[in-house]
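J.: One structure, pasted below without further comment.
The values are calculated or read from the model by the stated rules, or taken from the named source; none is laboratory data. The model shown is predicted, which means the values in this text are computed figures rather than measured ones. Neighbour counts are summed over all protein chains in view; Cβ atoms, including those assigned to glycine, are modelled from backbone coordinates with ideal geometry.
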């Protein structure tokens, strides 16, 4: 659907405003609320899509710098601290410490 929309675009933007300019975030959120109303996705905030993209790219094995560049972050720490999955390392640490027992 996105490829088709892009091919038919008359603007730089895939989802432009009625005048062809960049859409106002409030209007986008309002449209999204309308579309999602009554579905299992009701209440989803558009920013959640950034987290989804970061998670998919992280799980696909992209390096943090690549994910940061795709999301438009100048600071790698922003991507790693806010968007990337930290649970993977925690699980590995838990497995490594599993056999640890206090000495008598």
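J.: Looking at region 27-49, which of its residues are surrounded by 12 or more Cβ atoms within 10 Å (Cβ to Cβ) and either assigned to a loop (DSSP other than H, G, I, E, B) or not assigned by TED's automatic domain parsing to the domain that holds residue 16 (or both)?
T.: Selection gives 44, 46.
J.: If residue 52 satisfies every condition in (1) part of a helix (DSSP H, G or I); (2) at pLDDT below 85; (3) farther than 23 Å from residue 15 by Cα but one, which is the exception?
T.: So the condition that residue 52 fails would be (3).
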